[in-house]
Amino acid sequence: MTQPTTADLLGQAAARFPDRAALREPARDETVSFAELDERAQDIAAGLLEAGFEPGDHLSVLLTDSIEFVELLFASAYAGLVFNPISYRVPPKRLAYVLEHAESAGLVFDEECLETVDALEAEALPNLLVGVGVDAEPAGVSYEQLEGGDGAGTKQMPAEADVDESDPALLLYTSGTTGRPKGVLHSHRTVVNAALVSLPYNRLRPTDVNVALGPLYHVGPLLCNVLPALNVGACNVVQHEFDPATTLERIESEGITTMWGVPTHVRALVDEESIGDCDIEHVRMIQYSGAAMPAAVAKRARDHVSDCEFVNAYGTTEIVFGTLIYPEFHDEKLGSIGQAAPNAAVRVVDSENPVPDAVVDTDEVGELLVNASTCLLEYWRDPAATDEAIVDGWYRTGDLGRRDEDGFLYFVDRKDDMIVSGGENIYPAEVENLLHSHPDVVSGAVVGVPDDEWGEVVTAFVVPASEDLSSDDLEGFFVESDELESFKRPRQYVFERELPKTSSDKIDRRALLDSISTD
């Protein structure tokens, strides 16, 4: 048997656990078993091919998290289509660019995204438009029509839809904060490997009830949490969007035992006033990525889920997985991104000469290079960027890290985000980690603002928990902590109600800098 495809992950799980719940969407009180999910995915695949799609076509999907989102992922795999999920927060101009660049053969969208789609000129849209819960223009086909809602049963898949593990499966677009987003193309082999690599560290079980708190158009929640959960026969609870009070209520009412999120999600949960009224002690695993978990947040979380295991991983859209840390080492090495994931290798190399042989010494900061079984096939329609990013099979992440004497890796910062002030290199993440440990800081970001005297000055944007927090309070906190050299401390503080985010839910540092320049 060759390596399974994305569709095989579902088909095999349906054979093992046909009657077990695969997906649960509490907002509309709908539950789909593994057998039902597999049948529906095949029905939709046949419906897509009957509607005019051909194997190899790119199917763009603009949906909030839903059962339909997951169905379309597997339907695309069965039909031999390339699944192209797009952020439901995308502005119209960015949507038009992605649809054109992806050479999309069709777009599936829901009611929440209708306004964005309506904002595009007709010529910017693919010929085939499918509406989920939308039966008016511009949708030409309803989702129910794809399913074959006449109750006739599973359709016959055309023979030409045969899919191989090496075929393209997934096209994801980076957030593009410094320019046009790149299209990251992954194969079925990558998708399957990502699901399998996840299991040794998140240890999902068939009896788990799982929830991804981040949107499913990201590789983290989709490939590293939802797919491995389905692969082992666990149930996935689907939420349209993250709301801490709603999530806490559903942890109790749905019996959720495992979850994926970023540290910001965890902090929002422990900050939620209703947490003391919810029975959530049964949560046994929190899987996170995207940033280090502040010690104060982890401690507060364990006040409510005392036996919970935390597991962290590092990856990008291009590599999915680079490193992971097992729960046995998490607390001892808090802040570490762990060690190389299974079937992967990681090197810390000279950031000025990021080639595989230029390895730096222990505890020296350098660029992270990753060679993994989950690496992208290519940047779609951008061979020059592909050649620049991959050197002798190693992917240049553009991220800075270091390796300690025990072999554990630590993310330091994005190479492009480094601040140079008075000739000193300052990594924003180091300053942000301390800033986030302040009890009255909800969230924060640090950038280098151009300055005639110093080149750049460290500036902290802060979302405070109360209006009483002042710049003097934070300056005193940094001084008293005695954890950072004086030149690394923020020289100015800007208080905001919220921080701007990119389409991939990362802090938009460019927008922060622009807000300073226009004030």
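For region 367-392, give me the residue count where each residue is more than 24 Å from the chain's Cα centre (by Cα) and not in a helix (DSSP H, G or I).
2
Does P92 fit the bill of being surrounded by fewer than 22 Cβ atoms within 10 Å (Cβ to Cβ) and more than 27 Å from T190 (Cα to Cα)? First the steps, then the outcome.
Values: surrounded by fewer than 22 Cβ atoms within 10 Å (Cβ to Cβ): yes; more than 27 Å from T190 (Cα to Cα): yes.
In short, yes.
Go through region 1-41 and give me each residue that's of a type outside the set (G, A, S), within 20 Å of D65 (Cα to Cα) and either modelled with pLDDT under 95 or in contact with a Phe, Trp or Tyr (Cβ under 6 Å, 6 or more places away or on another chain) (or both).
If the condition is that a residue be of a type outside the set (G, A, S), within 20 Å of D65 (Cα to Cα) and either modelled with pLDDT under 95 or in contact with a Phe, Trp or Tyr (Cβ under 6 Å, 6 or more places away or on another chain) (or both), then L10, F34 are the ones that fit.
Six or more apart or on different chains, Cβ under 7 Å: which pairs go from a residue in region 366-387 that's outside the structural domain of Y427 (by TED's automatic domain parsing) to one that's modelled with pLDDT under 95 and aromatic (F, W, Y)? Could you list them?
Every condition considered, the pairs that remain are A372/F321; T374/F321.
Going through S351, S306 one at a time, which residue ends up being out of contact with any Phe, Trp or Tyr (no Cβ under 8 Å at 6 or more places or on another chain), part of a loop (DSSP other than H, G, I, E, B) and farther than 18 Å from V412 by Cα?
On the way: S351 fails: farther than 18 Å from V412 by Cα.
Selected residue: S306, the only one of S351, S306 that is out of contact with any Phe, Trp or Tyr (no Cβ under 8 Å at 6 or more places or on another chain), part of a loop (DSSP other than H, G, I, E, B) and farther than 18 Å from V412 by Cα.
Suppose we keep only residues that are among the hydrophobic types (A, V, I, L, M, F, W, C), at pLDDT below 95 and in contact with a Lys or Arg (Cβ under 8 Å, 6 or more places away or on another chain) within region 459-512. Which one would you say is nearest to P215 (Cα to Cα)?
I507
Looking at V191, V209, V163, V184, which is the one that is in contact with a Gly (Cβ under 7 Å, 6 or more places away or on another chain), modelled with pLDDT of 95 or more and crowded, with 19+ Cβ neighbours inside 10 Å? Step through it out loud before you land on a result.
Working: V191 fails: in contact with a Gly (Cβ under 7 Å, 6 or more places away or on another chain); V163 fails: modelled with pLDDT of 95 or more; V184 fails: in contact with a Gly (Cβ under 7 Å, 6 or more places away or on another chain).
Criteria check complete, one pass: V209.
Just checking, which of S481, S466 is in contact (Cβ under 8 Å) with a residue 40 or more places away in the chain and surrounded by fewer than 17 Cβ atoms within 10 Å (Cβ to Cβ)? Don't jump to the end; show me each part of the working.
Details: S466 fails: in contact (Cβ under 8 Å) with a residue 40 or more places away in the chain.
Testing whether each residue is in contact (Cβ under 8 Å) with a residue 40 or more places away in the chain and surrounded by fewer than 17 Cβ atoms within 10 Å (Cβ to Cβ) leaves just S481.
Mind telling me which of the residues G80, G131 ends up being on the phi > 0 side of the Ramachandran plot and either surrounded by 21 or more Cβ atoms within 10 Å (Cβ to Cβ) or in contact with a strand residue (DSSP E or B) (Cβ under 8 Å, 6 or more places away or on another chain) (or both)?
Details: G131 fails: on the phi > 0 side of the Ramachandran plot.
Selected residue: G80, the only one of G80, G131 that is on the phi > 0 side of the Ramachandran plot and either surrounded by 21 or more Cβ atoms within 10 Å (Cβ to Cβ) or in contact with a strand residue (DSSP E or B) (Cβ under 8 Å, 6 or more places away or on another chain) (or both).
Within region 1-53, track down each residue that is touching a Gly at 6+ places or on another chain (Cβ under 9 Å), loosely packed, with under 14 Cβ neighbours inside 10 Å and assigned to a loop (DSSP other than H, G, I, E, B).
Answer for region 1-53, where residues must be touching a Gly at 6+ places or on another chain (Cβ under 9 Å), loosely packed, with under 14 Cβ neighbours inside 10 Å and assigned to a loop (DSSP other than H, G, I, E, B): just G52.
Could you please find all residues in region 440-461 being farther than 11 Å from L512 by Cβ and assigned to a strand (DSSP E or B)? Step through it out loud before you land on a result.
Within region 440-461, the subset farther than 11 Å from L512 by Cβ is 440-443, 450-458.
Within region 440-461, V441, V442, S443, P450, D451, G455, E456, V457, V458 meet the criteria.
Kindly list, by first and then second residue, each pair from a residue in region 280-294 that is polar (S, T, N, Q) to a residue that is buried (at least 23 other Cβ atoms within 10 Å of the Cβ) and part of a loop (DSSP other than H, G, I, E, B), limited to pairs with Cβ atoms under 7 Å and residues at least 6 apart or on different chains.
S289/G315
Checking D399 against (1) outside the structural domain of V457 (by TED's automatic domain parsing); (2) crowded, with 17+ Cβ neighbours inside 10 Å; (3) not in a strand (DSSP E or B), which test does it fail?
With respect to (1) outside the structural domain of V457 (by TED's automatic domain parsing); (2) crowded, with 17+ Cβ neighbours inside 10 Å; (3) not in a strand (DSSP E or B), D399 is out only on (3).
Can you tell me which residue within region 484-510, out of those that are part of a loop (DSSP other than H, G, I, E, B) and of a type in the set (S, T, Y), is surrounded by the fewest Cβ atoms within 10 Å (Cβ to Cβ)?
Here the answer is T502.
Has region 17-35 got at least one residue that is in contact (Cβ under 8 Å) with a residue 24 or more places away in the chain and under 15 Å from L222 (Cα atoms)?
Yes, that holds for at least one residue.
Working only within region 187-217, note down all residues that are out of contact with any Ser or Thr (no Cβ under 6 Å at 6 or more places or on another chain) and closer than 15 Å to I86 by Cα.
If the condition is that a residue be out of contact with any Ser or Thr (no Cβ under 6 Å at 6 or more places or on another chain) and closer than 15 Å to I86 by Cα, then G214, P215, L216 are the ones that fit.
T362 passes all but one of (1) of a type in the set (S, T, Y); (2) without any contact (Cβ under 8 Å) to a residue 40 or more places away in the chain; (3) in a loop (DSSP other than H, G, I, E, B); which number fails?
Single failed check for T362: (2).
Please specify each residue of region 348-362 satisfying the condition of being surrounded by fewer than 18 Cβ atoms within 10 Å (Cβ to Cβ), within 28 Å of the chain's Cα centre (by Cα) and within 19 Å of S336 (Cα to Cα).
none
Which of the residues that make up region 231-279 are in contact (Cβ under 8 Å) with a residue 40 or more places away in the chain and closer than 21 Å to E112 by Cβ?
Residues satisfying the conditions are N236, V237, V238, Q239, H240, E241, R250, H265.
For region 228-263: of the residues being among the aliphatic types (A, V, I, L, M) and part of a strand (DSSP E or B), which is surrounded by the most Cβ atoms within 10 Å (Cβ to Cβ)?
Within region 228-263, the subset among the aliphatic types (A, V, I, L, M) is 229-230, 232, 234, 237-238, 245, 248, 251, 256, 259, 262.
From the residues that got through so far, the ones that are part of a strand (DSSP E or B) too are 237, 259.
On the way: V237: 22, M259: 27.
Among those that are among the aliphatic types (A, V, I, L, M) and part of a strand (DSSP E or B), it is M259.
Take the residues in region 304-330 that are charged (D, E, K, R) and modelled with pLDDT of 95 or more, then tell me which one is nearest to D399 (Cα to Cα). Walk me through it before giving the result.
Looking only at region 304-330, we keep the residues that are charged (D, E, K, R), and these are 307, 309, 318, 328.
Next cut, modelled with pLDDT of 95 or more only: 309, 318, 328.
Working: E309: 27, E318: 13, E328: 26 Å.
Only one residue tops the list, namely E318.
The values are calculated or read from the model by the stated rules, or taken from the named source; none is laboratory data. Model, not experiment: these values are computed from the prediction. Please note: Cβ atoms are built from the backbone with ideal geometry, for glycine as well, and neighbour counts cover all protein chains shown.
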